[in-house]
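A single structure is presented below for examination.
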Amino acid sequence: MLLTNLATAERLNLPDDLIWSDEHSWTPTISSHTYLITGALLIQSATKQTGREITLIGPVDMGWVTRSTLETLRVWAAQTFTDTTGRFQLTLADGREYTVAFRHNEVPIESEPVLGFAAQRDEDLYRLTLRFMEI
(Lines give C-alpha, C1' and ligand atoms only; values in the text may rest on other atoms or scores of the structure.)
Protein backbone atom coordinates (compact mmCIF):
# COMPACT_ATOMS: atom_id res chain seq x y z
CA MET A 1 0.00 0.00 0.00
CA LEU A 2 1.09 3.52 -0.66
CA LEU A 3 -0.05 6.83 0.84
CA THR A 4 0.94 9.97 -1.05
CA ASN A 5 0.64 13.46 0.42
CA LEU A 6 -0.89 15.44 -2.44
CA ALA A 7 0.44 18.76 -1.09
CA THR A 8 4.08 17.67 -1.06
CA ALA A 9 4.13 14.54 -3.28
CA GLU A 10 5.87 12.75 -0.39
CA ARG A 11 5.15 9.01 -0.44
CA LEU A 12 4.86 6.61 2.47
CA ASN A 13 4.79 2.84 2.14
CA LEU A 14 2.23 1.09 4.30
CA PRO A 15 1.97 -2.66 4.92
CA ASP A 16 -0.02 -4.50 2.26
CA ASP A 17 -1.65 -6.65 4.93
CA LEU A 18 -3.64 -3.84 6.57
CA ILE A 19 -7.29 -4.87 6.46
CA TRP A 20 -9.96 -2.50 5.12
CA SER A 21 -12.45 -3.37 7.85
CA ASP A 22 -15.45 -1.36 6.60
CA GLU A 23 -15.03 -1.92 2.86
CA HIS A 24 -18.41 -3.58 2.39
CA SER A 25 -20.43 -1.71 5.02
CA TRP A 26 -20.85 1.49 2.99
CA THR A 27 -23.64 2.25 0.59
CA PRO A 28 -23.70 5.16 -1.86
CA THR A 29 -27.43 5.68 -1.33
CA ILE A 30 -28.85 7.91 1.37
CA SER A 31 -32.52 8.32 2.13
CA SER A 32 -34.95 9.73 4.60
CA HIS A 33 -38.63 9.15 5.10
CA THR A 34 -41.35 11.13 6.80
CA TYR A 35 -45.09 11.06 6.94
CA LEU A 36 -47.02 13.99 5.51
CA ILE A 37 -49.95 15.56 7.33
CA THR A 38 -52.24 13.49 5.11
CA GLY A 39 -50.60 10.30 6.38
CA ALA A 40 -48.84 9.60 3.09
CA LEU A 41 -45.26 8.38 3.22
CA LEU A 42 -42.66 10.66 1.64
CA ILE A 43 -39.36 8.99 0.75
CA GLN A 44 -36.44 11.05 -0.49
CA SER A 45 -33.23 9.42 -1.67
CA ALA A 46 -30.03 10.49 -3.38
CA THR A 47 -26.56 9.25 -4.15
CA LYS A 48 -23.75 10.33 -1.85
CA GLN A 49 -21.04 12.19 -3.72
CA THR A 50 -18.17 11.47 -1.30
CA GLY A 51 -17.51 10.41 2.27
CA ARG A 52 -16.91 6.67 2.06
CA GLU A 53 -15.10 5.53 5.20
CA ILE A 54 -11.85 3.64 4.80
CA THR A 55 -10.61 2.12 8.03
CA LEU A 56 -7.34 0.21 7.75
CA ILE A 57 -6.56 -2.11 10.65
CA GLY A 58 -3.37 -4.00 11.37
CA PRO A 59 -4.17 -7.42 12.85
CA VAL A 60 -2.29 -8.51 15.96
CA ASP A 61 0.35 -10.51 14.09
CA MET A 62 0.83 -8.41 10.92
CA GLY A 63 0.44 -4.96 9.40
CA TRP A 64 3.08 -3.44 11.64
CA VAL A 65 4.79 -0.12 10.95
CA THR A 66 7.95 1.44 12.33
CA ARG A 67 7.90 4.29 14.79
CA SER A 68 9.31 6.60 12.09
CA THR A 69 6.41 5.72 9.75
CA LEU A 70 3.96 6.33 12.58
CA GLU A 71 5.51 9.75 13.26
CA THR A 72 5.14 10.73 9.60
CA LEU A 73 1.49 9.65 9.70
CA ARG A 74 0.91 11.72 12.85
CA VAL A 75 2.38 14.84 11.20
CA TRP A 76 0.21 14.29 8.12
CA ALA A 77 -2.92 13.69 10.22
CA ALA A 78 -2.32 16.98 12.05
CA GLN A 79 -2.75 18.94 8.82
CA THR A 80 -6.00 20.81 8.45
CA PHE A 81 -8.17 19.98 5.48
CA THR A 82 -8.06 22.84 2.95
CA ASP A 83 -7.98 23.20 -0.82
CA THR A 84 -4.27 22.41 -0.80
CA THR A 85 -3.53 20.43 2.38
CA GLY A 86 -4.85 17.39 4.18
CA ARG A 87 -5.47 15.43 0.97
CA PHE A 88 -3.83 12.10 0.23
CA GLN A 89 -3.79 9.47 -2.50
CA LEU A 90 -4.24 5.97 -1.06
CA THR A 91 -3.15 3.17 -3.37
CA LEU A 92 -4.18 -0.28 -2.16
CA ALA A 93 -2.13 -3.41 -2.80
CA ASP A 94 -4.53 -4.43 -5.60
CA GLY A 95 -4.00 -1.12 -7.43
CA ARG A 96 -7.25 0.63 -6.49
CA GLU A 97 -6.73 4.32 -5.73
CA TYR A 98 -8.72 6.69 -3.54
CA THR A 99 -8.30 10.36 -2.71
CA VAL A 100 -8.73 10.51 1.06
CA ALA A 101 -8.48 12.71 4.13
CA PHE A 102 -8.04 11.67 7.75
CA ARG A 103 -11.32 11.40 9.66
CA HIS A 104 -10.85 14.08 12.31
CA ASN A 105 -14.35 13.56 13.70
CA GLU A 106 -12.88 10.36 15.18
CA VAL A 107 -9.40 9.41 16.32
CA PRO A 108 -7.63 9.31 12.92
CA ILE A 109 -4.70 7.15 14.04
CA GLU A 110 -4.46 4.54 16.78
CA SER A 111 -1.30 2.64 17.55
CA GLU A 112 0.22 0.39 20.16
CA PRO A 113 3.72 -0.97 20.45
CA VAL A 114 4.07 -4.56 19.29
CA LEU A 115 6.31 -5.46 22.23
CA GLY A 116 3.85 -4.12 24.80
CA PHE A 117 6.03 -1.33 26.16
CA ALA A 118 6.86 2.13 24.86
CA ALA A 119 9.02 1.98 21.75
CA GLN A 120 11.86 4.47 21.57
CA ARG A 121 13.85 3.71 18.42
CA ASP A 122 12.73 4.67 14.90
CA GLU A 123 12.74 1.02 13.83
CA ASP A 124 10.58 -0.22 16.74
CA LEU A 125 7.24 -1.65 15.55
CA TYR A 126 3.63 -0.61 16.16
CA ARG A 127 0.21 -2.08 15.39
CA LEU A 128 -1.79 0.48 13.46
CA THR A 129 -5.34 1.62 12.76
CA LEU A 130 -5.91 4.42 10.22
CA ARG A 131 -9.24 6.15 9.65
CA PHE A 132 -9.78 7.91 6.33
CA MET A 133 -12.73 9.10 4.31
CA GLU A 134 -12.88 9.28 0.56
CA ILE A 135 -13.16 12.83 -0.75
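Would you mind telling me which numbered condition in (1) within 20 Å of residue 8 (Cα to Cα); (2) in a strand (DSSP E or B); (3) β-branched (Val, Ile, Thr) residue 72 fails?
(2)
Run residue 76 past the list (1) at pLDDT below 95; (2) crowded, with 17+ Cβ neighbours inside 10 Å and report the number of the one that doesn't hold.
Among (1) at pLDDT below 95; (2) crowded, with 17+ Cβ neighbours inside 10 Å, residue 76 violates only (1).
Per-residue answers, yes or no, for (1) exposed (fewer than 12 other Cβ atoms within 10 Å of the Cβ); (2) in contact with a Gly (Cβ under 9 Å, 6 or more places away or on another chain):
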site	(1), (2)
21	no, no
26	no, yes
33	yes, no
40	yes, no
60	yes, no
70	no, no
84	yes, no
108	no, no
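Hey, can you tell me all the residues within segment 92-135 that are touching a residue at least 60 places away in the same chain (Cβ under 8 Å) and not in a loop (DSSP other than H, G, I, E, B)?
99, 125, 126, 127, 128, 129, 130, 131, 132, 133, 134
While we're here: Which numbered condition in (1) among the hydrophobic types (A, V, I, L, M, F, W, C); (2) out of contact with any Lys or Arg (no Cβ under 7 Å at 6 or more places or on another chain); (3) not in a strand (DSSP E or B) is the only one that residue 42 fails?
The number of the failed condition is (3).
Among 132, 88, 102, which is over 22 Å from residue 59 (Cβ atoms) and either within 15 Å of the chain's Cα centre (by Cα) or modelled with pLDDT of 95 or more (or both)?
From the options 132, 88, 102, the qualifying one is 88.
The values are calculated or read from the model by the stated rules, or taken from the named source; none is laboratory data. Computed from a prediction, not measured in an experiment: that's the story for all the values here. Cβ sites come from the backbone with ideal geometry, for glycine too, and all protein chains shown count toward neighbours.
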